[in-house]
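J.: Sharing a structure here in structure tokens format.
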Amino acid sequence: MQDDHDQIAAQIAAWQTVHNGTLTVGISGSQGSGKTTLTRALATALTEQHNLRVVQFSLDDLYKTKAERTVMAQEVHPLFATRTLPGTHDIALGLEVFKSLKHGRQTAIPFFDKAVDDRTAQTAWTVFDGQPDVILFEGWCLGARPAANAEELAEPLNDFERQKDPDGAWRRAIDLYLLRDYPALWNEIDRLVFIKIPSFDSVFHWRKQQESETFSHAPAQAMSDDEIRLFTGQAERITRRNLETLPAQADMTLHIAEDHALIKITRN
């Protein structure tokens, strides 16, 4: 795996060499795909082996505050009280972070604390001083596009949508956000690396494994299979769409196996 990380880091360093200014690399992959682990490894390799100044942050750290999502739940749809899907990110904050970094300012990097389901105070954010050579920006739905047509959203895809969004209002709102707001954030990405998982079923299996490991001493507290399917179901539509579309759009696609081993790398 270390050799794989070194190979990917070498490609990013090569991209940076011919890029004018800060290079932003997006790392997109489904929940459980290992994108956070990969991002950390790449940051280390780029810093230690290629002598580059690197800053990393996650789309997750751009989640709107709990108070903001409460307002969304009241004004748009109740499901927006829960952070995860497009619409629950602060796009303006993300754009300001990119602008500040690329202009070499002293930049506070946002941090969202999932333990309390809220953004931390800015005084607790990590500060990056100056212009980085590389920004590593990772997220589960990075690069996601809206549906090709309205018919794609017409019918519920899974139990989550059948139970929580039978009339499709929530998924139509998500697609509107993807169409209207997210392109500005995606446009900050100079090169996209996509982690292609075997299938969406892998997300279920990885979450089930995580539950088993987390609650190994108290299995009764772990989510049941049905609960896991509901939990993962909210992201299924966009995850499947990305699996179909992003390999053709990404600059580099990492094809991984069920055990997260890298099978092959393809480039566009």
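J.: Does the range 61-77 contain at least one residue that is open to solvent by 10 Å² or more (accessible area, probe 1.4 Å), in contact (Cβ under 8 Å) with a residue 60 or more places away in the chain, in contact with a helix residue (DSSP H, G or I) (Cβ under 8 Å, 6 or more places away or on another chain) and more than 28 Å from Gln163 (Cα to Cα)?
T.: no
J.: Another question, if that's okay. Given (1) under 22 Å from the mean Cα position of the chain (by Cα); (2) under 26 Å from Arg171 (Cα atoms), where does Ala41 come up short, assuming only one miss?
T.: The number of the failed condition is (2).
J.: Inside the range 87-123, can you point out the residues that are touching a Pro at 6+ places or on another chain (Cβ under 9 Å), among the charged types (D, E, K, R) and under 20 Å from Ile189 (Cβ atoms)?
T.: Across the range 87-123, the qualifying residues are Asp90, Lys102.
J.: Right, here's the next one. Just to be sure, is His50 without any contact (Cβ under 8 Å) to a residue 60 or more places away in the chain, at negative phi and either among the aliphatic types (A, V, I, L, M) or out of contact with any Asp or Glu (no Cβ under 6 Å at 6 or more places or on another chain) (or both)? Talk me through it step by step, then tell me what you get.
T.: On the way: without any contact (Cβ under 8 Å) to a residue 60 or more places away in the chain: yes; at negative phi: yes; either among the aliphatic types (A, V, I, L, M) or out of contact with any Asp or Glu (no Cβ under 6 Å at 6 or more places or on another chain) (or both): yes.
Yes.
J.: Something else about it: Restricting to the range 235-265, give me the number of residues that are among the acidic types (Asp, Glu) and in contact with a Ser or Thr (Cβ under 8 Å, 6 or more places away or on another chain). First the steps, then the outcome.
T.: Just the residues of the range 235-265 that are among the acidic types (Asp, Glu), to begin with: 236, 244, 251, 258-259.
Checking the rest, the ones that are also in contact with a Ser or Thr (Cβ under 8 Å, 6 or more places away or on another chain) come to 258.
Total meeting the criteria: 1.
J.: Additional query: If the Cβ limit is 9 Å and pairs must be 6+ apart or interchain, which residue in the range 244-257 that is free of Cβ contacts under 8 Å to residues at least 24 places away in the same chain pairs with which residue that is assigned to a loop (DSSP other than H, G, I, E, B)?
T.: Here the result reads Ala248/Asn268, each pair linking the range 244-257 to a residue that is assigned to a loop (DSSP other than H, G, I, E, B).
J.: Moving to a separate point now. Are any of the residues in the range 216-232 closer than 21 Å to Gly139 by Cβ and part of a helix (DSSP H, G or I)?
T.: From the range 216-232, those closer than 21 Å to Gly139 by Cβ are 231-232; that's our starting set.
Add one more test, that the residue is part of a helix (DSSP H, G or I), and what stays is 231-232.
Yes - at least one qualifying residue is present in the range 216-232.
The values are calculated or read from the model by the stated rules, or taken from the named source; none is laboratory data. Being a predicted model, the structure only gives us computed values, none of them experimental. Here Cβ is always computed from backbone atoms with ideal geometry, including for glycine, and neighbour counts include all displayed protein chains. Just the protein is used for accessible areas: all its heavy atoms, side chains included, with ligands, DNA and RNA removed. Shrake-Rupley method; radii C 1.70, N 1.55, O 1.52, S 1.80 Å.
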